[in-house]
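Visitor: To start, I am sharing the structure in question, which I have written as structure tokens.
The values are calculated or read from the model by the stated rules, or taken from the named source; none is laboratory data. Given the structure is predicted, the values throughout are model-derived calculations rather than measurements. When we count neighbours, we look across all protein chains shown, and the Cβ atoms used for this are built from the backbone with ideal geometry, even at glycine.
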Amino acid sequence: MAQDSQHDADRRRDAERLRALEDKLSRARGDGRQATPGADKFHQANQAWRMVVELVAGLGIGFGVGYGLDRLFGTTPILLVIFILLGFAAGVKTMLRTAAEMAAPGHDGAAPEQGPDDPAGQHPAAPGTTKGTERGD
């Protein structure tokens, strides 16, 4: 019996400590979370890698299409060269579009916060702009 009362007392103490910790956490979250030091440089590195991948993807797709068409038609590698150049141009165009998005005013790389008039957390694009796959390609 003495062990049961000791066990119950330990559980009550633990529950009280857990509630106190949850209160501290909720107060800390309510004031806003501090940004992780150096998080901005990781965001910039991610954006740089995104641009590199866009360029390489354009080149790779151009190579694949050109090589496939050359094999299909039995031509010299003229289609390969043409489609590699087209892939390079498409990759550069995509990189420039990404750079313009990054340079846009108000772009901080963070997800938009949910507002009272915006329950889904989605903000409409500025007039005359599109987002995602609706870029007007």
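Visitor: Looking at (1) at pLDDT 90 or above; (2) within 26 Å of the chain's Cα centre (by Cα); (3) more than 20 Å from Ala100 (Cβ to Cβ), which one does Ala57 not meet, given that it meets all the others?
Guide: Ala57 satisfies every listed condition except (3).
Visitor: Ok, one more. Search region 65-93 for residues being among the hydroxyl-bearing types (Ser, Thr, Tyr) and modelled with pLDDT under 95, and hand back the single one that is surrounded by the most Cβ atoms within 10 Å (Cβ to Cβ).
Guide: Thr75
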